[in-house]
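Let me begin by presenting the structure, written as structure tokens, before commenting on it.
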Amino acid sequence: MLRKNIVHKLVTLGTLAAVWCVFSMVALAVPTETSGVVTITGQVSVNGQTAVSNSTIMSGATLTTAKGSNAVVSLGKLGRIEIQEDSTLSLRFSDSGVNAMLDSGAVRISAAGSTVTTSNATFVGEAGQPSNFVVSVECAQSHLDTTSGVVTMNEGGKVQQVIAGNSAVAGVAKAGCAPRQNSGSQPHTSNMAWLLILAAGAAGVGIWLGTRGEEGINGTVTVVSPTR
């Protein structure tokens, strides 16, 4: 009788140990899901629900920002994503990188090996080092401004590399639509030329007025003696 009890206990313990091992192996096999932290200014929704700052955001979320609002998603070593005002963005991320689908508005990416997809093109940052770039969707076009690194733009099989300090556009502009200048854009060279002309003109007028102030009525220089 005693021997049967001992055998029964050993069998029970062995079964429990086997079950524990199986559950442990399953738990270790399930990958841990990467999450981020979102910082909000103004009105921002995540998956249709009003979001608050410092809340956790999971891969697959859709973020929408209102006018005058923005959201910054911090992903630790993966990088940082800033969704600018009037934007809608679906965001997926894992240990291997960041993938964003931009429907409208603009997004600034500061991450390595990141990809932004729009209706016109796909923009891929360098995998080896962090890239900083802005992608915006306006007037049926996709605009790219690269601040640092190199970004590859693929527009229907046409591949173009855009280095830091340069811009590129994909798609055909909608008739009668004027795109706004996003925060990542650089002033256009023609605008810079007009600014220089205006500055030179203003300087010339200032010099002329200063000279007139030193001349008398008859064109001679008037010297005013100090009052004793």
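No lab work stands behind these numbers, since they all come straight from the coordinates. On a predicted model such as this, the values are computed, not experimentally measured, just so you know. Positions of Cβ are backbone-derived with ideal geometry, glycine not excepted, and every protein chain shown enters the neighbour counts.
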Compute the length gained on full extension between S104 and A140: take 0.36 nm times their separation in residues and subtract their Cα-Cα distance, giving the result in nm to one decimal. 12.0 nm
Per-bin percent of Cα-Cα distances, segment 67-177 [10 Å]: 15, 51, 30, 4, 0
Built amide H within the under 5 Å cut-off of A164, gap 5+: G149
Give me E126, E138 ranked fewest to most by other Cβ atoms within 10 Å of their Cβ, as a rough exposure proxy. E126, E138
Once you list every other residue whose beta carbon is under 15 Å from the beta carbon of S74, what net charge do they have if Lys and Arg are +1 and Asp and Glu are -1? +2
Report the FRET efficiency, 1/(1 + (r/R0)^6), for S94 and C177, where r is their Cβ-Cβ distance and R0 is 25 Å, rounded to 0.05. 0.10
When the Cα centres of segment 74-106 and segment 125-155 are compared, how far apart do they sit, in Å? 13
Nitroxide proxy distance, nm - points 7 Å out along Cα→Cβ at S74 and S148: 1.7
Between T39 and V159, what is the label-point separation in nm under the 7 Å Cα-to-beta-carbon projection? 3.6
